[in-house]
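Working notes, structure below.
The values are calculated or read from the model by the stated rules, or taken from the named source; none is laboratory data. Since the model is a prediction, treat every value here as computed from it, not as a measurement. A quick note on method: Cβ atoms are made from the backbone with ideal geometry, for glycine too, and the neighbour counts reach across all protein chains shown.
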């Protein structure tokens, strides 16, 4: 077996590196984002619907959602570690990606064997937390690799493919996982996630970041000059650079937009299974089937045209359209109670929401990538995402009190209000100014390095 693996790794040395091949670059990030979506389909959508179907309260369901969302807010703890430490002969972020994949596989297997999860909620939530931790861990490494490897003129297209792939993974595992959950059992459903991630792990295992790097620790190769130049070796330098770029006005505005928008998305996506099962008497299988189909429509749309629209019409213009659309059709849903019993009406909302949600994620994350400074790419991008996920926790936690004190119409319309606030703040964001300031920081940093060398 070891000989076979060694031969395979040796043969993979003839495969072009990600930095020099556009197709493999896109393929790699499609695969890695698909792997991220695999556990999310069940953790954030399938399991909440299953819990609602089995009589769990909105508060208990929201508690599970918060437990699964919490690790995504701790990403900033590991991001500086990835910027500071790595095994450069295997790439700047690739070793971390592989470690995250291994952790995802192991944690999914462990979660599958939680005994009687519906009546053992503390352990169930802890298992969900661990799976989400490794999902967030891999996400940090993948995003850092993307900022390092993907040229600016390909970032919008790449984000379209990446997020489309993730949405397709979420919808696929939501549908397949729910079917296995209902037909067989919880253990079988969750073990399926581990199998899928194991297959996907072959992609980063055989694709190097840059030419000449090692495929595995025991294979031949060395670190590239570019990664050695980017790699920071001082904690002081990392945090000083991160503070310099993140304290810029547009960095702060972008962080606030992410907090509100990402929180709003998690709010409505956690609310929907509760609303359809408890208010409309759907089964968890019906909800999963409808929402998974809507997800996959949005995901495919994002992969096909999401990045193209951003490239053609501009990031900020398209984000304004996406936010306005969400406010409009959510208001229509909230105040059209007479049509709620018509499943096609709810299904139409799910389709519209998932299409626009996917496009909006593509747009806002392309903006975030463009606003990053490469030398602290993992830390800065992760800080943006961490703030977004803090919003996911904060606004999902509002579901319990809102549904307890208001009717379903107000509970749904609250999502439109949240998006309207993010839309308003978007008007003050100046992406070009942010890019100019990052260039100024790079020039200042280069001058400082030259001065130190001359001394």
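Kindly establish whether residue 361 is surrounded by 18 or more Cβ atoms within 10 Å (Cβ to Cβ) and outside any helix (DSSP H, G or I).
no
For (1) over 15 Å from the mean Cα position of the chain (by Cα); (2) over 16 Å from residue 189 (Cβ atoms); (3) surrounded by fewer than 20 Cβ atoms within 10 Å (Cβ to Cβ), each residue gets a yes or a no:
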{"position": "38", "(1), (2), (3)": "no, no, no"}
{"position": "46", "(1), (2), (3)": "yes, no, no"}
{"position": "51", "(1), (2), (3)": "yes, no, no"}
{"position": "59", "(1), (2), (3)": "yes, yes, yes"}
{"position": "70", "(1), (2), (3)": "no, yes, yes"}
{"position": "81", "(1), (2), (3)": "yes, yes, yes"}
{"position": "92", "(1), (2), (3)": "yes, yes, no"}
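Condition check ((1) modelled with pLDDT of 80 or more; (2) crowded, with 22+ Cβ neighbours inside 10 Å; (3) part of a helix (DSSP H, G or I); (4) in contact with a strand residue (DSSP E or B) (Cβ under 9 Å, 6 or more places away or on another chain)) across all residues:
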site: 262; (1), (2), (3), (4): yes, yes, yes, no
site: 270; (1), (2), (3), (4): yes, yes, yes, no
site: 274; (1), (2), (3), (4): yes, yes, yes, no
site: 281; (1), (2), (3), (4): yes, no, no, no
site: 293; (1), (2), (3), (4): yes, no, yes, no
site: 304; (1), (2), (3), (4): no, no, yes, no
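Counting only residues that are over 18 Å from residue 282 (Cβ atoms) and touching a helix residue (DSSP H, G or I) at 6+ places or on another chain (Cβ under 6 Å), which one in the stretch 335-356 is modelled with the lowest pLDDT?
Filtering first and then ranking leaves 355.
Out of the stretch 366-384, which residues are surrounded by 24 or more Cβ atoms within 10 Å (Cβ to Cβ) and assigned to a helix (DSSP H, G or I)?
366, 367, 368, 376, 377, 378, 379, 380, 381, 382, 384
Take residue 353 and decide whether it is assigned to a helix (DSSP H, G or I), out of contact with any strand residue (DSSP E or B) (no Cβ under 9 Å at 6 or more places or on another chain) and either under 26 Å from residue 79 (Cβ atoms) or without any contact (Cβ under 8 Å) to a residue 12 or more places away in the chain (or both).
Against the criterion (assigned to a helix (DSSP H, G or I), out of contact with any strand residue (DSSP E or B) (no Cβ under 9 Å at 6 or more places or on another chain) and either under 26 Å from residue 79 (Cβ atoms) or without any contact (Cβ under 8 Å) to a residue 12 or more places away in the chain (or both)), residue 353 does not qualify.
Within the stretch 440-449, identify whether any single residue is surrounded by 19 or more Cβ atoms within 10 Å (Cβ to Cβ) and either on the phi < 0 side of the Ramachandran plot or not in a helix (DSSP H, G or I) (or both), and answer yes or no.
no
With respect to residue 74, determine if the residue is modelled with pLDDT under 80 and more than 23 Å from residue 203 (Cβ to Cβ).
Yes, satisfied.
Can you name the number of the only condition in (1) farther than 30 Å from residue 274 by Cβ; (2) out of contact with any helix residue (DSSP H, G or I) (no Cβ under 7 Å at 6 or more places or on another chain); (3) at pLDDT below 85 that residue 15 fails?
Single failed check for residue 15: (2).
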